[in-house]
Amino acid sequence: MARLAIYPGTFDPITNGHLDLVRRGLRIFDHIIVAVAESSGKNPLFTVEERLEMIRIALEDTPNVTIETFSGLLVDYVRSRNAQVVLRGLRAVTDFEYEFQMAMMNRRMEPGIETVFLMTGLRWVFLSSRIIKEAAVHGGNIEGLVPEFVHQKLKEKFGLAP
């Protein structure tokens with residue numbers, strides 16, 4: 001039986017920290033579904049279609065990864081994919097508090113689903129999509145923090161592309 005994990009998020013945009021987590025997760029799981037939340041209440045900068053495209057390009061050379069969208073409760077989506085594991089990254093203590101609450105609520109709704117936390121790689125510990133967008137909107141240097149094509153998309157989105 002293949003070990004399948006669901007890695008959910010808004011990925012607005014995908015960062016090198018997200019990509020590191022997927023690649024490291026594949027050392028533990030046979031297959032990972034990157035599940036892009038359609039509506040998270042976060043007012044995403046990029047449309048679902050744009051986020052899917054960026055993730056597909058970023059992971060095109062990564063085997064055993066599927067990219068999909070979902071809406072509604074994560075536990076319902078996980079169940080619909082016949083998975084038992086949710087993969088999440090942790091950067092700091094503040095992440096843990098939120099992620100722990102979500103994991104416990106998910107477990108209450110569906111006791112058969114486990115959440116596996118991976119510590120973010122040290123070089124990405126400060127990185128979040130929100131921080132990337134904030135730096136990018138002001139023309140900050142985000143090279144090396146996101147794939148180059150994501151950097152270009154952010155420049156286009158904020159009217160900074162040459």
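The values are calculated or read from the model by the stated rules, or taken from the named source; none is laboratory data. This one's a predicted model, so the numbers in the text were calculated from it and none came from an experiment. Positions of Cβ are backbone-derived with ideal geometry, glycine not excepted, and every protein chain shown enters the neighbour counts.
Please state which of the following conditions A135 fails to meet, knowing it meets all the rest: (1) surrounded by fewer than 17 Cβ atoms within 10 Å (Cβ to Cβ); (2) touching a Leu at 6+ places or on another chain (Cβ under 6 Å); (3) small (G, A, S).
Just one mismatch for A135, condition (2).
Going by the conditions given, is F117 assigned to a strand (DSSP E or B) and either charged (D, E, K, R) or surrounded by 13 or more Cβ atoms within 10 Å (Cβ to Cβ) (or both)?
Yes.
Among residues belonging to the range 76-105 that are assigned to a loop (DSSP other than H, G, I, E, B) and among the basic types (K, R), point out the one that is surrounded by the most Cβ atoms within 10 Å (Cβ to Cβ).
Top of the filtered list is R91.
Return only the number of the condition from (1) free of Cβ contacts under 8 Å to residues at least 40 places away in the same chain; (2) under 26 Å from L4 (Cβ atoms) that E156 does not satisfy.
Among (1) free of Cβ contacts under 8 Å to residues at least 40 places away in the same chain; (2) under 26 Å from L4 (Cβ atoms), E156 violates only (2).
In the set G41, G72, which member is at positive phi and within 16 Å of the chain's Cα centre (by Cα)?
So the residue among G41, G72 that is at positive phi and within 16 Å of the chain's Cα centre (by Cα) is G41.
Check off (1) under 24 Å from K155 (Cβ atoms); (2) buried (at least 17 other Cβ atoms within 10 Å of the Cβ) for E53 and give me the number that stays unchecked.
The one condition E53 does not meet is (2).
Give all pairs with beta carbons closer than 6 Å in which a residue from the range 30-54 that is within 21 Å of A83 (Cβ to Cβ) and modelled with pLDDT under 95 meets a residue that is β-branched (V, I, T) and in a helix (DSSP H, G or I); count only pairs at least 6 apart in sequence or on separate chains.
Correct list of pairs: E38/V48.
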